[in-house]
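Worksheet for the structure shown next.
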Amino acid sequence: MDSQEWDQRYAGTELVWTAEPNRFAVAELQDLAPGRALDVAAGEGRNAVWLAARGWQVTAVDFSAAGLDKGRRLAQARGAAVDWVRADVRDYQPEAASFQLVLVAYLQLREAELDGVLRRAVTALAPGGVLLVVGHDVTNLTEGTGGPPDPAVLYTPESITRSLGGLTVVRAERVRRSVATADGHREAVDTLVRAIRD
Ligand SMILES: C[S@@+](CC[C@H](N)C(=O)[O-])C[C@H]1O[C@@H](n2cnc3c(N)ncnc32)[C@H](O)[C@@H]1O
């Protein structure tokens, strides 16, 4: 989907996602000491705002103006300050060695483009910094619910870790989350990768 399609998706007043942070972001990041964080493809800002409210200095990047506007409103409602940046992450070059955390959550790009994004995310990490990548796993097509139907934009643990040269991979696995659907609760399958810059 291009930025106009995302703008259309975010056009209503209701949040497309939720105001609450992703559960894996919470579980993986809640014990980190705050520093500078980069939220890549931040969408409506649920994770960026949660981090900012916990004391992080957050830069949130997305190419959807409508998504970022919703993020700004959420931040205002929560009294959180976030630096919102409208940019295409396929070109965006973050400051090198500057962030204690880079988060990439549910960014749907083809593998070659995602590889470039992840390699730039690696260079953005300060020594000791954490990279957390979460996204729809390819097995979600057969074993899970929701998410994009195009396998070209779905992750595997290996498809992510192969872009993370220079980092120590701490976790690279498939994780499941419960999703409320019209047919009751179903499970979605995600890839989760956590890595550290030594
Ligand atoms: C599924 S949403 C996830 C949003 C957010 N990370 C979250 O977890 O709530 C995917 C986001 O990626 C953004 N996106 C997709 N391709 C992008 C690109 N090339 N540059 C910047 N943002 C992009 C979309 O605008 C959308 O907000």
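The values are calculated or read from the model by the stated rules, or taken from the named source; none is laboratory data. Since this is a predicted model, take the numbers as computed values, not measurements. Cβ sites come from the backbone with ideal geometry, for glycine too, and all protein chains shown count toward neighbours.
Scan the range 94-123 for residues that are away from the ligand (no atom under 13 Å from the Cβ) and free of Cβ contacts under 8 Å to residues at least 40 places away in the same chain and the total you get is 4. Considering only residues in the range 77-89 that are assigned to a loop (DSSP other than H, G, I, E, B) and away from the ligand (no atom under 13 Å from the Cβ), the one that is surrounded by the fewest Cβ atoms within 10 Å (Cβ to Cβ) turns out to be GLY79. Looking only at the range 2-19, filter to residues that are modelled with pLDDT under 95 and within 16 Å of the chain's Cα centre (by Cα); which one of those is surrounded by the fewest Cβ atoms within 10 Å (Cβ to Cβ)? Out of the qualifying residues, it is THR18.
Of GLY144, GLY135, all but one fail to be within 13 Å of the ligand (Cβ to nearest atom) and within 28 Å of GLU5 (Cα to Cα); the exception is GLY135.
Of the residues VAL16, VAL40, the single one that is near the ligand (Cβ under 9 Å from one of its atoms) and touching a Lys or Arg at 6+ places or on another chain (Cβ under 7 Å) is VAL16.
The residues in the range 20-32 that are surrounded by 15 or more Cβ atoms within 10 Å (Cβ to Cβ), away from the ligand (no atom under 12 Å from the Cβ) and either among the polar types (S, T, N, Q) or not in a loop (DSSP other than H, G, I, E, B) (or both) can be counted, and the count is 2.
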